[in-house]
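Report on the structure given below.
The values are calculated or read from the model by the stated rules, or taken from the named source; none is laboratory data. Small disclaimer: the values here were computed from a predicted structure and weren't measured. No Cβ is skipped: glycine too gets one built from the backbone with ideal geometry, and neighbour counts run over all protein chains shown.
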Amino acid sequence: MASSSIPAKRSKSPPAPKQRLFAKIFHWVNIISLFVMMTSGLQIYNANPVFGGRGGWHFPDFLVLGGWLGGGRNWHFAAMWFFALNLLWYGLYIFITRRWKNRFASSSDVKALKASQNVKRKNYALHRLVYTVILPILLLSIFSGLAMYKPAQLHWLSALFSNWQTLRVVHFLAIPTVIMFVLVHSWLALKVGSIRLVKSMFF
C-alpha cells in the first residue's frame, strides 16, 4: 500500500511594512528638495569656487541646475524653504506624537553598540545614532545658508562663522555629509528591513 505524501506547508512571508502618509510625504519632499539644492548649489559654486577662487575647479554642466548664478540662486533658495519647512513640520510631528523617544540615540543605544550580542538591536541603535548626528549638521547647513542669503540682515549669524570663506566652506561641506548620511541611512534600512522597508518609505 503506497503511503500518501503530505505536502509541506509553505511558510508565509512576513507582511510588508507600512508607513504613515506623513512619513512618505516627508521623505519625498526631502529627496526632491535636497536634489535641487545640491545641483543648484553646485551652480552657485561654479560662479566663484569655494576652493581656488574663479580659477578653481568647476563642476561639469550635467551636475548643475540653474544655467547661471542668478538661476542657481533662485532654485537653491526656493528649495531651501521647502526643505527647512519640511524639517520643521516633521520636528513638530515627532514632538507632538512623542515619536522622538524612538528616533534619537540614548545611553542605552551606546551601551548596545558596545556590548550587545543582538545584531538587530545593534542595527537599530546605529540607526538612531545616525539620526541624532545628522540633525545638528542639517541645522548648521540651514543656518549657514541663511547667513549667506541675508548677510546684512543676519549679520550676527554671519559673525558666528568668523569670516565669509569659513561660512562658504562650512555650507559647502554639507553636501558630502548629507550624501554620506543618505547612503548610510539607506544601507541600515536595507539591513533592518530589506528593500521592502525602503520602498515603504516612498510608496
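For the reader, a short list of remarks on this structure follows.
- Selection count where residues are surrounded by fewer than 19 Cβ atoms within 10 Å (Cβ to Cβ) and among the aliphatic types (A, V, I, L, M), scope segment 66-84: 3
- Applying the condition of being under 22 Å from the mean Cα position of the chain (by Cα) and not in a helix (DSSP H, G or I) to segment 60-89 and asking which residue is nearest to F22 (Cα to Cα) yields L65.
- Per the listing V178, V192, the residue uniquely under 14 Å from the mean Cα position of the chain (by Cα) and of a type outside the set (S, T, Y) is V178.
Yes/no per residue for (1) assigned by TED's automatic domain parsing to the domain that holds N30; (2) more than 16 Å from L34 (Cα to Cα); (3) without any contact (Cβ under 8 Å) to a residue 40 or more places away in the chain; (4) among the polar types (S, T, N, Q):
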{"site": "S116", "(1), (2), (3), (4)": "no, yes, yes, yes"}
{"site": "R121", "(1), (2), (3), (4)": "no, yes, yes, no"}
{"site": "L154", "(1), (2), (3), (4)": "no, yes, yes, no"}
{"site": "S162", "(1), (2), (3), (4)": "no, yes, yes, yes"}
{"site": "V192", "(1), (2), (3), (4)": "no, yes, no, no"}
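- Subset of segment 151-198 that is farther than 25 Å from P17 by Cα and of a type in the set (F, W, Y) - its residue that is surrounded by the fewest Cβ atoms within 10 Å (Cβ to Cβ): W156
- Of the residues making up segment 35-59, those that are assigned to a loop (DSSP other than H, G, I, E, B) and either of a type outside the set (A, V, I, L, M) or within 21 Å of the chain's Cα centre (by Cα) (or both) are N48, P49, F51, G52, G56, W57, H58, F59.
- Boolean, W28 is in a helix (DSSP H, G or I), of a type in the set (A, V, I, L, M, F, W, C) and either at pLDDT below 95 or surrounded by fewer than 14 Cβ atoms within 10 Å (Cβ to Cβ) (or both): yes
- Applying the criterion of being in a loop (DSSP other than H, G, I, E, B) and hydrophobic (A, V, I, L, M, F, W, C) to the residues of segment 90-107, the residue that is surrounded by the fewest Cβ atoms within 10 Å (Cβ to Cβ) is F104.
- One residue from L87, L126 being outside the structural domain of G41 (by TED's automatic domain parsing), surrounded by 13 or more Cβ atoms within 10 Å (Cβ to Cβ), in contact with a helix residue (DSSP H, G or I) (Cβ under 8 Å, 6 or more places away or on another chain) and at negative phi: L126
- I137 vs. criteria touching a helix residue (DSSP H, G or I) at 6+ places or on another chain (Cβ under 6 Å), assigned to a helix (DSSP H, G or I) and in contact (Cβ under 8 Å) with a residue 12 or more places away in the chain: yes
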